[in-house]
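K.L.:
Shown below is the structure under consideration.
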Amino acid sequence: MLVDGKWTADWQPVQAKDAKGGFVRQTSSFRNWITPDGAPGPTGTGGFAAEAGRYHLYVALICPWASRTLIARKLKKLDGLISLSVVEPALTKEGWRFGTYPGADEDVINGARYMHEIYTRVDPHITGRATVPVLWDKKTATIVNNESAEIVRMFNSGFGAFADQSLDLYPQDLRTQIDALNDRIYPRLNNGVYRTGFATTQVAYEEAFGDVFSMLDELEGLLADKTFLVGERLTEADIRLFVTLVRFDAAYFGLFKCNLRRIVDYPNLSKYLRRVLSIPGVAETVNIDHIKRGYYSIESLNPNRIVPVGPALPFADLLTA
């Protein structure tokens, strides 16, 4: 991680631990918003107006948080407006690296070799982890935001007429339901798989494991008579759930020891996963090779870095990469 702007230690997956030995996630540090007129958003400062070609998105295809933003960028038809760089899938001693691995990019915006160099360009004395996604402003050469949930919402509404307004991922009439779902699904499932995989005590592992599968069981029931989580309309809640489900059998079931059941063992969740993958543009954001190679490169969980050949994925026919 970075300490006073210097890379000081090998990358480690556990950012912090609670008293039980449970995984605690770092809070994002850049919280500005892009708005149609450049006015301040809910957090941070103003000055970031929606403009064509001004912004750049840095992502990792293995990362579910980054993939949230990729899907929102695609569905809101902002991919021609916001340029993109993808880091290599394998985590290095210095974290995310740019390069020539298939499906990855060199950093043509800032010429960085590692993601942490993007952070120190903005703050030479920064302390913390260099995470993705990062939304970069080419005009002022700074990070706008590195919190995926906020980037999804600004892609939904912050670009005004530049974006496809026929799709609203956070409609006013459904916000209470969406927020309630997000508040349940995030700690128990989205972050729950990480709490399971990176637990450092048996107590912490079993607690997180229980949360993951109780949430999956609840969602299996919820989706018995619904197309999407809040009915017939795709929302940001579906994007947030999807990115975890699509990685579950390939990575979390094995590497993270979330091995009670696979998603394929849940009929309703399996149908739902294929339904979301079938939405034009979504499958383009999924790269199973990056996902497997990325997760299985975590040395503390897989010292020999052997990437499993399986499992067979029932939605593989929907993927283009």
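The values are calculated or read from the model by the stated rules, or taken from the named source; none is laboratory data. The model shown is predicted, which means the values in this text are computed figures rather than measured ones. Ideal geometry is used to build each Cβ from the backbone, glycine not excepted, and the neighbour counts take in all protein chains shown. Areas reflect the complete protein model, heavy atoms only, side chains present, ligands, DNA and RNA absent. Shrake-Rupley method; radii C 1.70, N 1.55, O 1.52, S 1.80 Å.
K.L.:
Which one of the conditions (1) in contact (Cβ under 8 Å) with a residue 60 or more places away in the chain; (2) among the small types (Gly, Ala, Ser); (3) open to solvent by less than 10 Å² (accessible area, probe 1.4 Å) does Ala90 fail to meet, given that it meets all the rest?
P.N.:
Condition not satisfied by Ala90: (3).
K.L.:
Would you check if there is a residue in segment 63-79 being out of contact with any Gly (no Cβ under 9 Å at 6 or more places or on another chain), in a loop (DSSP other than H, G, I, E, B) and free of Cβ contacts under 8 Å to residues at least 12 places away in the same chain?
P.N.:
No, because not a single residue in segment 63-79 is out of contact with any Gly (no Cβ under 9 Å at 6 or more places or on another chain), in a loop (DSSP other than H, G, I, E, B) and free of Cβ contacts under 8 Å to residues at least 12 places away in the same chain.
K.L.:
May I ask you to verify whether Leu81 is open to solvent by 10 Å² or more (accessible area, probe 1.4 Å) and more than 28 Å from Trp7 (Cα to Cα)? Write out each step before concluding.
P.N.:
Values: open to solvent by 10 Å² or more (accessible area, probe 1.4 Å): yes; more than 28 Å from Trp7 (Cα to Cα): yes.
Answer is yes for this residue.
K.L.:
Within segment 251-278, how many residues are hydrophobic (A, V, I, L, M, F, W, C) and more than 17 Å from Ala316 (Cβ to Cβ)? Give the steps one after another, and end with the answer.
P.N.:
So in segment 251-278, the residues hydrophobic (A, V, I, L, M, F, W, C) come out as 251, 253, 255-256, 258, 260, 263-264, 269, 273, 276-277.
Still in the running and more than 17 Å from Ala316 (Cβ to Cβ): 255-256, 258, 260.
Qualifying residue count for the region: 4.
K.L.:
If you check Ile109 against the conditions, is it farther than 22 Å from Val307 by Cα and touching a strand residue (DSSP E or B) at 6+ places or on another chain (Cβ under 6 Å)? Walk me through it before giving the result.
P.N.:
Details: farther than 22 Å from Val307 by Cα: yes; touching a strand residue (DSSP E or B) at 6+ places or on another chain (Cβ under 6 Å): yes.
Yes; evaluated as a whole, the condition is true for this residue.
K.L.:
Can you pull out the residues in segment 193-231 that are among the hydrophobic types (A, V, I, L, M, F, W, C) and more than 29 Å from Gln177 (Cβ to Cβ)?
P.N.:
Here is the first cut: in segment 193-231, the residues among the hydrophobic types (A, V, I, L, M, F, W, C) are 193, 198-199, 203-204, 208-209, 212-213, 215-216, 219, 222-224, 228-230.
Hits for segment 193-231 are Phe198, Ala199, Val203, Ala204.
K.L.:
Can you name every residue in segment 116-130 that is out of contact with any Leu (no Cβ under 6 Å at 6 or more places or on another chain), in contact (Cβ under 8 Å) with a residue 60 or more places away in the chain and assigned to a helix (DSSP H, G or I)?
P.N.:
Passing the criteria: Ile118, Tyr119, Thr120, Val122.
K.L.:
Can you pull out every residue in segment 140-166 that is open to solvent by 40 Å² or more (accessible area, probe 1.4 Å) and either over 12 Å from Lys76 (Cα atoms) or over 15 Å from the mean Cα position of the chain (by Cα) (or both)? Steps first, please.
P.N.:
Step one: of segment 140-166, the residues open to solvent by 40 Å² or more (accessible area, probe 1.4 Å) are 140-141, 147, 153, 157, 161-162, 165-166.
Residues satisfying the conditions are Thr140, Ala141, Glu147, Ser157, Ala161, Phe162, Gln165, Ser166.
K.L.:
Based on this model, can you work out whether Arg68 counts as open to solvent by less than 10 Å² (accessible area, probe 1.4 Å) and either at pLDDT 95 or above or touching a helix residue (DSSP H, G or I) at 6+ places or on another chain (Cβ under 6 Å) (or both)?
P.N.:
Numbers: open to solvent by less than 10 Å² (accessible area, probe 1.4 Å): yes; either at pLDDT 95 or above or touching a helix residue (DSSP H, G or I) at 6+ places or on another chain (Cβ under 6 Å) (or both): yes.
Spelling it out, Arg68 is indeed open to solvent by less than 10 Å² (accessible area, probe 1.4 Å) and either at pLDDT 95 or above or touching a helix residue (DSSP H, G or I) at 6+ places or on another chain (Cβ under 6 Å) (or both).
K.L.:
On the given criteria, is Thr127 open to solvent by 20 Å² or more (accessible area, probe 1.4 Å) and either within 30 Å of Leu245 (Cβ to Cβ) or modelled with pLDDT under 95 (or both)?
P.N.:
Values: open to solvent by 20 Å² or more (accessible area, probe 1.4 Å): yes; either within 30 Å of Leu245 (Cβ to Cβ) or modelled with pLDDT under 95 (or both): yes.
Criteria met by Thr127.
K.L.:
Give the residue, chosen from Asp265, Asp238, that is within 26 Å of Thr320 (Cα to Cα) and more than 19 Å from the chain's Cα centre (by Cα). Working first, answer last.
P.N.:
Numbers: Asp238 fails: more than 19 Å from the chain's Cα centre (by Cα).
The unique qualifying residue is Asp265.
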